[in-house]
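Here's the structure, in structure tokens; my notes come after.
The values are calculated or read from the model by the stated rules, or taken from the named source; none is laboratory data. Note that the structure is a prediction, hence the values are computed from the model and not measured. Note that each Cβ is placed from the backbone with ideal geometry, even for glycine, and that neighbours are counted across all protein chains shown.
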Amino acid sequence: MRFILLASFLVTASSFTVPSWTLTSQQKTGLSLLPTQAEQASFYPFEDSKSALQQAKGSTEKDGKVRQLLGLRGASEETDIWKIRLQLTKPVTWVPLVWGVMCGAAASGNYHWMWNPFDPNDRDIALGAEDALKGFVAMILAGPFLTGYTQTINDWYDREIDAINEPYRPIPSGAISEGEVIFQIWFLLLGGLGIAYGLDVWAGHDVPTVLLLSIFGSFISYIYSAPPLKLKQNGWAGNYALGASYISLPWWCGQAVFGELDRPVYFILPILYSIAGLGIAIVNDFKSIEGDRALGLQSLPVAFGVDTAKWICASSESFWL
């Protein structure tokens, strides 16, 4: 009997001991999942929240400076006059015109590569280098000079609208003086026309085709922005004039530098393709609705409303897709 009681006691004791040991093991396992004191610094990001905020602020300031150089909304303030001059020319808008020059050069059929992998007869390094330099000069004409002229003169005549829509822009903010703006307009215009004539001489043109295109484009830019015509007051006329200038003129420039504009198709196709440029111009109008409405400009978003204007924009953009 004593043996039975002793055995029962041992079994009962062991039944309490095993769970106690199991719980201790589980507790240890659970506690081991918690970070140690040495790991807490890397595990908890909130310990260094001040430096994180400083990094975010630095990133925002850097983004603002990039936007300032490209001429985009949300730009930071700048005091360097050369950066302000660059901002006036809106470098981000140069891209489609530079691309248009490249398309025109390719369409001419006379652009030579330094080493064409597809044509063993088109591997004249000297001729290819000359054509590359000629194309680069045409891009400088279409982008920094004549587009820069267009954007600067547009900002000058839109200074009252920008005071409402984009008061941080150089002219309404007072970051650049009236005399400095007028000088920049004339410098870019006359410099662009000089480059255009130089390209005509370089290409051996009897008729200065590139110069004539540049004069025509500069005239369109002026009447688009300046009274009394101010084409941008009328949504359809202004937007198509802007879109056609962005698509057709650089294309014709690139083609004229390397070939001839001697067939009707060279004019018809870029003009039709400029319908897509209408959409580009409408996109630009969305950011100016408040100022346009206040000053009575009938841009398409003001005249038809945002919803209708966005469908017009999408339709014109998809015309050639």
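Condition check: aliphatic (A, V, I, L, M), in contact with a Pro (Cβ under 7 Å, 6 or more places away or on another chain) and in a loop (DSSP other than H, G, I, E, B). Does I84 satisfy that? Before you say what the answer is, go through the steps one by one.
On the way: aliphatic (A, V, I, L, M): yes; in contact with a Pro (Cβ under 7 Å, 6 or more places away or on another chain): yes; in a loop (DSSP other than H, G, I, E, B): no.
The answer is no for I84.
Name the pairs whose Cβ atoms lie under 9 Å apart, with the first residue in segment 129-155 and free of Cβ contacts under 8 Å to residues at least 60 places away in the same chain and in a helix (DSSP H, G or I), the second surrounded by fewer than 24 Cβ atoms within 10 Å (Cβ to Cβ) and among the charged types (D, E, K, R), and 6 or more positions between them or separate chains?
Final answer for the pair search is T147/K90.
Condition first: surrounded by fewer than 18 Cβ atoms within 10 Å (Cβ to Cβ), free of Cβ contacts under 8 Å to residues at least 60 places away in the same chain and either of a type in the set (D, E, K, R) or not in a helix (DSSP H, G or I) (or both). Now tell me which residues in segment 284-295 satisfy that.
R293
Go through segment 257-270 and report how many residues are of a type outside the set (S, T, Y), buried (at least 16 other Cβ atoms within 10 Å of the Cβ) and not in a loop (DSSP other than H, G, I, E, B).
Total meeting the criteria: 3.
Could you list, ordered by first residue, the pairs with Cβ atoms under 6 Å in which the first is in segment 256-270 and under 19 Å from G204 (Cβ atoms) and modelled with pLDDT of 85 or more and the second is assigned to a helix (DSSP H, G or I) and of a type in the set (V, I, T), at least 6 apart or interchain?
A256/T209; A256/V210
So is T308 under 21 Å from Y197 (Cβ atoms) and of a type outside the set (K, R) or not?
Working: under 21 Å from Y197 (Cβ atoms): no; of a type outside the set (K, R): yes.
No; evaluated as a whole, the condition is false for this residue.
Test I176 against the stated conditions and say whether it is more than 22 Å from the chain's Cα centre (by Cα), in contact (Cβ under 8 Å) with a residue 60 or more places away in the chain and within 20 Å of E77 (Cα to Cα).
Yes: the conditions hold for I176.
Within segment 217-233, does at least one residue satisfy the condition of being touching a strand residue (DSSP E or B) at 6+ places or on another chain (Cβ under 7 Å) and modelled with pLDDT under 90? Give the derivation first.
So in segment 217-233, the residues touching a strand residue (DSSP E or B) at 6+ places or on another chain (Cβ under 7 Å) come out as 233.
Going one step further and asking which of them are modelled with pLDDT under 90, we end up with 233.
Yes.
Quick one: which of A314, A276, A281 is touching a residue at least 12 places away in the same chain (Cβ under 8 Å), surrounded by fewer than 17 Cβ atoms within 10 Å (Cβ to Cβ) and either part of a loop (DSSP other than H, G, I, E, B) or among the small types (G, A, S) (or both)? Spell out the reasoning first.
Details: A276 fails: surrounded by fewer than 17 Cβ atoms within 10 Å (Cβ to Cβ); A281 fails: surrounded by fewer than 17 Cβ atoms within 10 Å (Cβ to Cβ).
One residue alone meets the criteria, A314.
Being of a type in the set (S, T, Y) and in contact with a helix residue (DSSP H, G or I) (Cβ under 6 Å, 6 or more places away or on another chain) is the filter; apply it to segment 289-316 and report the residue that is modelled with the highest pLDDT. Write out each step before concluding.
Applying the first criterion (of a type in the set (S, T, Y)) to segment 289-316 yields 299, 308, 315-316.
Those still in the list that are in contact with a helix residue (DSSP H, G or I) (Cβ under 6 Å, 6 or more places away or on another chain) too: 299, 316.
Numbers: S299: 86, S316: 82.
Among residues in segment 289-316 that are of a type in the set (S, T, Y) and in contact with a helix residue (DSSP H, G or I) (Cβ under 6 Å, 6 or more places away or on another chain), the one modelled with the highest pLDDT is S299.
When you scan segment 193-226, how many residues do you find that are assigned to a helix (DSSP H, G or I) and under 30 Å from L297 (Cα atoms)? Please lay out each step first, then the result.
First, pick out the residues of segment 193-226 that are assigned to a helix (DSSP H, G or I): 193-203, 209-225.
Of the ones still in play, those that are also under 30 Å from L297 (Cα atoms) are 213-225.
Going through segment 193-226 one residue at a time, the tally reaches 13.
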